[in-house]
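Data block below; observations after.
The values are calculated or read from the model by the stated rules, or taken from the named source; none is laboratory data. Only a predicted model underlies this, so the values are computations on that prediction, with no experimental measurement involved. Cβ coordinates were reconstructed from backbone atoms using ideal geometry, including for glycine residues, and neighbour counts include every protein chain displayed.
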2 protein chains.
Amino acid sequence: MLIQLNFKSGKPVYLQVVDQIKSAAASGVLKPGEALPSIRPLAEELRVNRNTIAKAYAELESQGVIESRHGKGCFLADNHSPLKKEIRRKMLIEEIDQAVVQAHNLQFSREEFLALVNERCDTLEEKRNQHRGGQS
Amino acid sequence: MLIQLNFKSGKPVYLQVVDQIKSAAASGVLKPGEALPSIRPLAEELRVNRNTIAKAYAELESQGVIESRHGKGCFLADNHSPLKKEIRRKMLIEEIDQAVVQAHNLQFSREEFLALVNERCDTLEEKRNQHRGGQS
DNA sequence: CTTAGTGTCATAGACACATATGACAGTAAG
DNA sequence: CTTACTGTCATATGTGTCTATGACACTAAG
C-alpha cells in the first residue's frame, strides 16, 4: 500500500488519500477485510498531521469504503457501497470531460484522442493484472 | 477558448483556470498576442467571483504566460512556442488515466466507458459550436 | 493489573480559497 | 467632455484545510 502525495497540485491532502485508497480498493491492491495502515504511522510516513489522515479515513468510512474498529484499526469493507448508476455516471462524466477538454486544448483530433484512450485502457488493465498476480 | 470547471474535485478554481489557459497557450489554440477573455465577463460565464479570475490571471502573468495591460485587457505573451507532440501527449495521458481509473473504480465496463467518452465528445463539441455561433 | 497500540473527540490557531463589495485608474469610442 | 469597458487595489466575511496538542475509550499482549 503505497500512497504518493502531490503538495503542488492544490488538491487537499486528505482527498488525495481518499482517492488513492479507493483506487487501490477497486483495483485489487487492497482486498476486502484487509487492514489499512494505522492513522498515526501513516501520518508520520507521509509527514502530515494525524488529523489529516483521520479525516481521510472518516470520509472513506462515510462512503462505505472502509470500516474502522475502535482499538483495532481500519479495514477495507467487504462490498463497496454500490452507488446508483445515474450517480456513478455523473461522477465519471466529470473526469471524462476534463480529458476531452484537455485533448481539445492540446489540439488532438478526436481519432487521436480515442486511440489514446484505448491505449491507456490496455496499459492500466495490464497494470492491474500485475498487481493481482504479485499479491500471492 | 473553452474552460471547464469541476467544483467537486477539490482543486482550487483559480488553478483550474491557470492550467487550462496554459494548456491552450502551449498547444497553440491561443496565439501569441491574442486577447484573453476579460476578467468580469469570464467570471460571470463561469459563475465565479471576479477576484477568482483576477487571481488566476495574476498567477499567469507572474509565470510569464500572459501580459495584462491596464484598461485594455490581458494578452498571451509572445514567447510561448507550441510544445512538442510528445510533451502534449504526456499531459493528455495524465487526464485520460484519471478518467480510466475512475471508470474502473465506479465499475463501468470498458464498453460502457468508451461509449460515454464518445458521447461526451459529441456533447462538448456541440457546446463549442454553440459558443462560436453566439460570438459572431 | 500495566503497557502499548488503536480509533475518536475536542480545542485552538494559521493560512488559503472564494465570496461580496466598493473604489480607483487607464483606454477607447461617442 | 461622458460613457463604457478594461485591470487593479483594498476591505471584510465565511468556509475549508492543515497543524498542534491534549484527552479519552477500546483492544490485545505481557
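Here are some notes:
- For the stretch B:10-24, a tally of residues being within 7 Å of another protein chain (Cβ to nearest Cβ), in contact with a helix residue (DSSP H, G or I) (Cβ under 8 Å, 6 or more places away or on another chain) and within 14 Å of DNA strand D (Cβ to nearest atom) returns 2.
- The sole residue among B:GLU111, B:GLU34, B:GLU119 that is surrounded by fewer than 19 Cβ atoms within 10 Å (Cβ to Cβ) and touching a Leu at 6+ places or on another chain (Cβ under 7 Å) is B:GLU34.
- Residue in the stretch A:74-93 that is farther than 26 Å from B:VAL100 by Cβ and within 16 Å of DNA strand C (Cβ to nearest atom) present: yes
- Residue within the stretch B:25-46 that is at pLDDT below 85 and more than 7 Å from chain A (Cβ to nearest Cβ) present: yes
- Residue in the stretch B:86-106 that is at pLDDT below 80 and more than 7 Å from chain A (Cβ to nearest Cβ) present: no
- Taking the criterion of being within 16 Å of the chain's Cα centre (by Cα) and within 14 Å of DNA strand C (Cβ to nearest atom), the residues of the stretch B:24-40 that qualify are B:ALA35, B:SER38, B:ILE39.
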